[in-house]
Amino acid sequence: MDMKLSLPLLLLGLLFLAAPSFSQAPAPEAFLGYPLGARFTPHDKLVAYFREVARTSPEMVKLEQYGKTYEGRPLVLAFIASPDNLRKLEDIRQNNLRLAGILKNGTADEAGPVIVWLSYNVHGNEPASSEAAMKTLYALVDPAEPRTKEWLKNTVVVIDPCINPDGRDRYVNWYNDVVAATPDANPDAREHREPWPHGRTNHYNFDLNRDWAWQTQVETRQRLTRYNDWLPQVHVDYHEQGYNAPYYFAPAAEPYHDVITPWQREFQVTIGKNNAKYFDRNGWLYFTRQEFDLFYPSYGDTYPIYNGAIGMTFEQGGIGAGLAIQTADGDTLTLKERIEHHFTTGLSTIEVASQNAGRLVKEFHHYFEEAVTHPQGEYKAYFVKNDSFGDRMERMKTFLDRNRIEWVKVNSGTYSGVDYETGRTATFKAGPGDIVINTNQPKSNLVRVLFERQSRISDSITYDITAWSVPFVYGVQAYGLGDYVSGGRGGDNAAPLTVAETGEAGGRYAYAVRWTGMQPVRFLGQLLLKGVKVRYAERPFQSSGVSFDRGTLLITVTSNKEIKDSLWSIVSAAANKTGVTLYPIASGFVEKGADFGSDLVHLVHKPRVAVLTGEDVNSQEAGEVWHLFEQEIGYPVTMIDAQDFGQVQWKNFDVVVLPNGYYKFMEDKNSTDLFRSWIRDGGRVVAIENAVAQLAKLDWGLRSKNGGDKKEEDKDKRDDEYGYLHRYADREREEAANSVPGSIYRVELDNTHPLAFGYPDHYYSLKLDDEVYEYLHEGGWNVGVLRKNNYVSGFTGNKVKERLKDGLIFGVQEMGRGSVVYLADDPLFRSFWENGKLLFCNAVFLVGQ
């Protein structure tokens, strides 16, 4: 053997052995055992495929589990990049945050790759996108796709294959169970008639595509943590719409919020034209600039836009389509086609981002530089007053922190600014716990959108609510300032220590807890579950020089003799867990107000609560109530199908919650007589939105104001010589004149009533309809009423605005030993209307006690 020849061969062999050995990633059909589009893929197999591609292509793919759903399913992200970029992925992430001004260490490099984030299947019953995610992933790593490798040289792609696994599996498991051996394309087939509550929402029936900014759900909070860790330049949110609709992609429809930059508008058109090129080539129908606007800040397109990205929604026709369905024009739409359309726009977006990577990164950097040096808007800072003993400020600061919005504590001094409540300039002094959100910060545009008192809307025809100003959402007093305010995030302002922290235990007559927010509600719930007897004060009182307001909780030793030895440990543990302050009370003889033995101090009976749900009920609004009890209060609730009304032993319940819906049992006289009898025997009802409208038809004492007004409007229209001469093209705008797509109104409160304990003399409500009720008379309490000129913010049609005045919004009607609480507006809207939660809890725990 020639040694000179064998040595190079030996070295080559050693290098081969030392090199990492990667097998080729399998195509989806090879891994799944069926071609994409032949059936729906359950979430566990979807994740398994992503894990397999990451295992077989570790030089290009990194898979990260970023959390779990309420039902325990994994939430994952796939990072796909060139081998060189994947090795320095963390450096790329940190550089991107320097470009955004979030990280202050080091110098930002505009030569870094562009980051494209693709989010799939936020609505579980829009399932084609997760199937397309697998095809997209494979195309990015497939050696036979050289064009994608070229794109990845300057592009990092992030894929979230399924934002809503619980909803997806709810739909997929149902569909796979009912689909015919040969999919039935007839729209009347049961495989196209998904049952309540449908797969759109998560475990608690929340629409995760309305939750980006508010982050009320665990899936959103975990995802937004990672999103804000990266802040991509491009984000696409994949959806499906009704199966008769063609494909939709950007540019979006008006209204655009005016913080959206010319560059963001321009590049939406660039992406749209690139998508159109491929759709035209294939002869596929599509539309742009209609229906899907860019205004409400909590969507998967707007939230990224307000955080510097080119944010877009892509919509494929397909809800209810199953594997195949016959459309209105006689064609058959298949899952395979839906997948192909989403796959095409995914690759098209990556392509055009790669072609414009340098400009995208440069404009991204410029966006955040401008946010810091030249913030938009009429105010330079937002001053928020602390709510003294309440937890509203703490909840709002948590919201700010989750969105990486900078805020500072305020130095003492006198300031001048526009009062959010009056809209007029006022002078005020800073107090302990006050904070300021200055707008010269990276999140400046998001701050402006979330805090603006008046929403600036360029077109009244919009897809969602039109008002959401954070001070009104949280019920805090705020001012818009014309100058920046200095401050810091140093040590917390002094606050009363809980008795648990001071170590004081025995020898007290009672302990008091102020009723000022959700912390006391959680505290009360825990004590009731532990068998502790709790009272509340109907009137303000003073003890040892300390003043307490209505609703204050009282835990007396004499009322809890059976658990006297363990009372302190139970109460202190609950106080520490919920964060309330315990005030020791030395005597039941008070200096002002009613003594603790008075009939003005009421025992809180532990309520056994039922919530009606099922097909009669709006699933998302039933979910709001369910989520509040289980995740925020920690108090048990029984969910009952409304269609089982006649089979329920109502004597086993004290409180029944009727979320927004249309209840069939209310159309049956025997059922309503039974219901009324249960109320008169001591039952308590909490009715919300349309449930109130239905009760108003039962002649129990509540009546709607609007029936007569609308008839008068119709009469005026008949008398108008032009009344019937409508332009067909104006039909949407005429409808808008009679609409209330989510506007803020000031409601005057009687805060001496238990329903309004813990509130000032007013409340800011989100109006979603034109319902106003006549004032209650005998046996009724008009707790929350609309006066004339109580409009605050958002779009309200000019015809509706005339009707929204001089009527009841929140009321309590006493019936025998029971009561009905009427909540004409939803105080729990999407669980982000934080200031309404205490109102609902008052209805459950305090009213009727």
| Residue check, LYS664 at pLDDT below 95, over 25 Å from ASN842 (Cα atoms) and either open to solvent by less than 60 Å² (accessible area, probe 1.4 Å) or not hydrophobic (A, V, I, L, M, F, W, C) (or both) | no
| query | Within segment 602-633, how many residues turn out to be over 21 Å from PHE757 (Cα atoms), in contact with a helix residue (DSSP H, G or I) (Cβ under 7 Å, 6 or more places away or on another chain) and not in a helix (DSSP H, G or I)? | reply | 8
| query | Within the set of pairs 6 or more residues apart or between chains, which connect a residue that is open to solvent by 70 Å² or more (accessible area, probe 1.4 Å) inside segment 262-286 to a residue that is modelled with pLDDT of 95 or more and of a type outside the set (S, T, N, Q) with Cβ atoms less than 6 Å apart? | reply | LEU285/PRO246; TYR286/PRO246; TYR286/TYR247; TYR286/PHE279
| Residues satisfying the stated conditions in segment 388-418, i.e. acidic (Asp, Glu) and open to solvent by 20 Å² or more (accessible area, probe 1.4 Å) | GLU394, ASP401, GLU406
| query | Failed condition for THR373, given (1) over 30 Å from GLU452 (Cα atoms); (2) of a type in the set (Ser, Thr, Tyr); (3) surrounded by fewer than 16 Cβ atoms within 10 Å (Cβ to Cβ), with all others met? | reply | (1)
| field | Hits in segment 180-226 - residues which are of a type in the set (Gly, Ala, Ser) and touching a helix residue (DSSP H, G or I) at 6+ places or on another chain (Cβ under 6 Å) | value | GLY199, ALA213
| request: Considering every residue within segment 96-118, establish whether at least one is of a type in the set (Lys, Arg) and either open to solvent by less than 30 Å² (accessible area, probe 1.4 Å) or in contact (Cβ under 8 Å) with a residue 24 or more places away in the chain (or both). | output: no
| task | For segment 679-693, enumerate the residues that are surrounded by 19 or more Cβ atoms within 10 Å (Cβ to Cβ) and either not in a helix (DSSP H, G or I) or not small (Gly, Ala, Ser) (or both). | result | ILE679, GLY683, ARG684, VAL685, VAL686, ALA687, ILE688, GLU689, ASN690, VAL692
| request: Assess whether VAL418 counts as being of a type in the set (A, V, I, L, M, F, W, C) and part of a strand (DSSP E or B). | output: yes
| message | So, ASP177, is that one assigned to a loop (DSSP other than H, G, I, E, B), open to solvent by 40 Å² or more (accessible area, probe 1.4 Å) and under 15 Å from LEU323 (Cα atoms) or not? | response | no
| said: Just to be sure I understand, how many residues within segment 287-304 are at positive phi and either part of a helix (DSSP H, G or I) or without any contact (Cβ under 8 Å) to a residue 60 or more places away in the chain (or both)? | reply: 1
| Can you name the residue in segment 786-811 that is of a type in the set (A, V, I, L, M) and farther than 25 Å from GLY683 by Cα and is also modelled with the lowest pLDDT among such residues? | VAL800
| said: Residues to consider are GLU778, GLU774, GLU814; find the one that is modelled with pLDDT under 95, over 30 Å from the mean Cα position of the chain (by Cα) and open to solvent by 10 Å² or more (accessible area, probe 1.4 Å). | reply: GLU778
| task | Check segment 134-149 and report whether any residue there is modelled with pLDDT of 95 or more, within 27 Å of HIS366 (Cβ to Cβ) and open to solvent by less than 10 Å² (accessible area, probe 1.4 Å). | result | no
| query | Given the residues ARG221, ARG265, ARG226, ARG200, which is the only one that is touching a strand residue (DSSP E or B) at 6+ places or on another chain (Cβ under 9 Å) and assigned to a loop (DSSP other than H, G, I, E, B)? | reply | ARG200
| task | Starting from residues that are among the small types (Gly, Ala, Ser) and buried (at least 17 other Cβ atoms within 10 Å of the Cβ), keep the ones in segment 582-614 and report whichever is modelled with the lowest pLDDT. | result | GLY593
| said: Please list, ordered by residue number, the strands (runs of 3 or more DSSP E) wholly in segment 306-410 having 2 or more residues that are modelled with pLDDT of 95 or more and in contact with a His (Cβ under 7 Å, 6 or more places away or on another chain). | reply: 310-319
| query | Name the pairs whose Cβ atoms lie under 9 Å apart, with the first residue in segment 356-377 and more than 12 Å from ASN440 (Cα to Cα), the second open to solvent by 40 Å² or more (accessible area, probe 1.4 Å) and of a type in the set (Ser, Thr, Tyr), and 6 or more positions between them or separate chains? | reply | ASN356/THR270
| remark: Per the filter on segment 509-556, residues among the β-branched types (Val, Ile, Thr) and open to solvent by less than 40 Å² (accessible area, probe 1.4 Å) are VAL513, THR516, VAL521, VAL532, VAL534, THR552, ILE555, THR556
| task | Residue by residue through segment 64-95, note down the ones that are open to solvent by 50 Å² or more (accessible area, probe 1.4 Å) and part of a strand (DSSP E or B). | result | GLN65, LYS68
| remark: Of the candidates SER566, SER547, the one satisfying the condition of being under 41 Å from the mean Cα position of the chain (by Cα), farther than 23 Å from VAL844 by Cα and at pLDDT 95 or above is SER547
| task | Considering every residue within segment 230-239, establish whether at least one is more than 20 Å from PRO161 (Cβ to Cβ) and touching a residue at least 24 places away in the same chain (Cβ under 8 Å). | result | yes
| Would you say TYR49 is part of a loop (DSSP other than H, G, I, E, B) and aromatic (Phe, Trp, Tyr)? | no
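The values are calculated or read from the model by the stated rules, or taken from the named source; none is laboratory data. As the structure is a computational prediction, the values presented were derived from the model and not from experiment. Backbone-built Cβ (ideal geometry, glycine too); neighbour counts: all protein chains shown. These accessible areas exclude ligands, DNA and RNA; they are computed on the full protein's heavy atoms, side chains included. Shrake-Rupley method; radii C 1.70, N 1.55, O 1.52, S 1.80 Å.
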